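What follows is a single structure, written as structure tokens, with notes after it.
The values are calculated or read from the model by the stated rules, or taken from the named source; none is laboratory data. Here the structure is a predicted model, which is why all the values come from computation and not from measurement. Don't worry about glycine lacking a Cβ; one is built from the backbone with ideal geometry, like all the others, and counts go over all protein chains shown.
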Amino acid sequence: MDQFDPNIPGLIEGDITSVAVIDPPSLPFQVGNLVLDPSRDFTLEIKWKVFGAITPVWLAALDQNWDVNVYAESLGAGPEVRLGTENRDKNTFTACAGLNCREYTVTVTVPANTLEEDSGDVSGIYKLVVSVFLNSDLGSPGFDITGFREGPIVKMENPN
């Protein structure tokens with residue numbers, strides 16, 4: 001389920017458009033891989049956009065940096081952990097199609113041995129969840145901008 005707040009159609013809206021697992025493919029024709037070696041780092045590329053008539057004014061009133069966090073929730077037995085966090089300057093964006101559209105990209109590296117593989121006590125299957133957040137110091141949480149995206153689901157499996 002994808003969510004973004006505020007969502008005032010035509011004025012200010014947003015969307016986390018992509019959460020891609022960037023892992024060296026095992027085979028030459030693969031683009032990426034959802035079965036990951038727990039003993040190796042892997043990266044996630046996250047893209048989101050904000051757009052609408054009042055986007056520049058709204059963003060100008062907020063903190064300088066987006067906070068991006070990635071979490072893993074075990075399906076079945078296992079841990080729930082924050083995989084990583086990154087910041088992105090709100091003025092470092094690419095223009096995109098749409099009124100005042102700003103697209104942001106960040107890469108989060110997940111260190112080796114952060115997630116466990118199937119061991120009987122741990123499922124080794126995890127749903128990833130991303131949040132992007134731009135804080136407001138205006139005295140009301142109603143001015144903050146936040147977005148959430150669930151997925152993809154990955155499996156940790158040692159190739160040996």
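Give me a count of the residues in segment 64-100 that are farther than 16 Å from LEU134 by Cα and either out of contact with any strand residue (DSSP E or B) (no Cβ under 9 Å at 6 or more places or on another chain) or assigned to a loop (DSSP other than H, G, I, E, B) (or both). Give the derivation first.
At the first step, the residues of segment 64-100 found to be farther than 16 Å from LEU134 by Cα are 71-84, 94-100.
After this cut, where a residue has to be either out of contact with any strand residue (DSSP E or B) (no Cβ under 9 Å at 6 or more places or on another chain) or assigned to a loop (DSSP other than H, G, I, E, B) (or both) as well, the list is 75-79, 96-100.
Here the count works out to 10.
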So, ARG82, is that one at pLDDT 95 or above, of a type in the set (D, E, K, R) and crowded, with 19+ Cβ neighbours inside 10 Å or not? no
Pairs with Cβ under 6 Å, 6+ apart, first in segment 111-122 and small (Gly, Ala, Ser), second surrounded by 11 or more Cβ atoms within 10 Å (Cβ to Cβ): ALA112/SER39; ALA112/ARG40; ALA112/ASP41
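Among the residues of segment 128-156, write down those that are over 12 Å from the mean Cα position of the chain (by Cα) and not aliphatic (A, V, I, L, M). Before you say what the answer is, go through the steps one by one.
Filtering segment 128-156 down to residues over 12 Å from the mean Cα position of the chain (by Cα) leaves 134-145, 153-156.
Residues satisfying the conditions are ASN135, SER136, ASP137, GLY139, SER140, PRO141, GLY142, PHE143, ASP144, LYS155.
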So for segment 121-135 (the condition being surrounded by 15 or more Cβ atoms within 10 Å (Cβ to Cβ), farther than 18 Å from ASN69 by Cα and of a type in the set (D, E, K, R)), does at least one residue qualify? no
Kindly indicate whether LEU134 is out of contact with any Asp or Glu (no Cβ under 7 Å at 6 or more places or on another chain) and either hydrophobic (A, V, I, L, M, F, W, C) or at pLDDT below 95 (or both). no
Checking LEU115 against (1) surrounded by fewer than 18 Cβ atoms within 10 Å (Cβ to Cβ); (2) under 18 Å from the mean Cα position of the chain (by Cα); (3) hydrophobic (A, V, I, L, M, F, W, C), the condition it does not meet: (1)
Working carefully through the options VAL108, VAL50, VAL68, find the one that is closer than 22 Å to GLY151 by Cβ, surrounded by 15 or more Cβ atoms within 10 Å (Cβ to Cβ) and in contact with a helix residue (DSSP H, G or I) (Cβ under 8 Å, 6 or more places away or on another chain). VAL50
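Restricting the search to segment 53-63, which residues are part of a loop (DSSP other than H, G, I, E, B) and either at pLDDT 95 or above or more than 23 Å from GLY98 (Cβ to Cβ) (or both)? Give the derivation first.
Residues of segment 53-63 part of a loop (DSSP other than H, G, I, E, B): 53-54, 61, 63.
If the condition is that a residue be part of a loop (DSSP other than H, G, I, E, B) and either at pLDDT 95 or above or more than 23 Å from GLY98 (Cβ to Cβ) (or both), then ALA53, ILE54, ASP63 are the ones that fit.
Can you work out which of the residues in segment 104-157 that are polar (S, T, N, Q) and out of contact with any strand residue (DSSP E or B) (no Cβ under 7 Å at 6 or more places or on another chain) is nearest to VAL21 (Cα to Cα)? Walk me through it before giving the result.
Step one: filter segment 104-157 for residues polar (S, T, N, Q), giving 105, 107, 109, 113-114, 119, 123, 131, 135-136, 140, 146.
Subsequent filtering for residues that are out of contact with any strand residue (DSSP E or B) (no Cβ under 7 Å at 6 or more places or on another chain) retains 113, 119, 140.
Working: ASN113: 16, SER119: 23, SER140: 35 Å.
By that ranking, first place goes to ASN113.
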Give all pairs with beta carbons closer than 8 Å in which a residue from segment 81-96 that is without any contact (Cβ under 8 Å) to a residue 12 or more places away in the chain and of a type in the set (A, V, I, L, M, F, W, C) meets a residue that is surrounded by 12 or more Cβ atoms within 10 Å (Cβ to Cβ) and assigned to a strand (DSSP E or B); count only pairs at least 6 apart in sequence or on separate chains. PHE93/ARG102; PHE93/GLU103; PHE93/TYR104; ALA95/ARG102; ALA95/GLU103
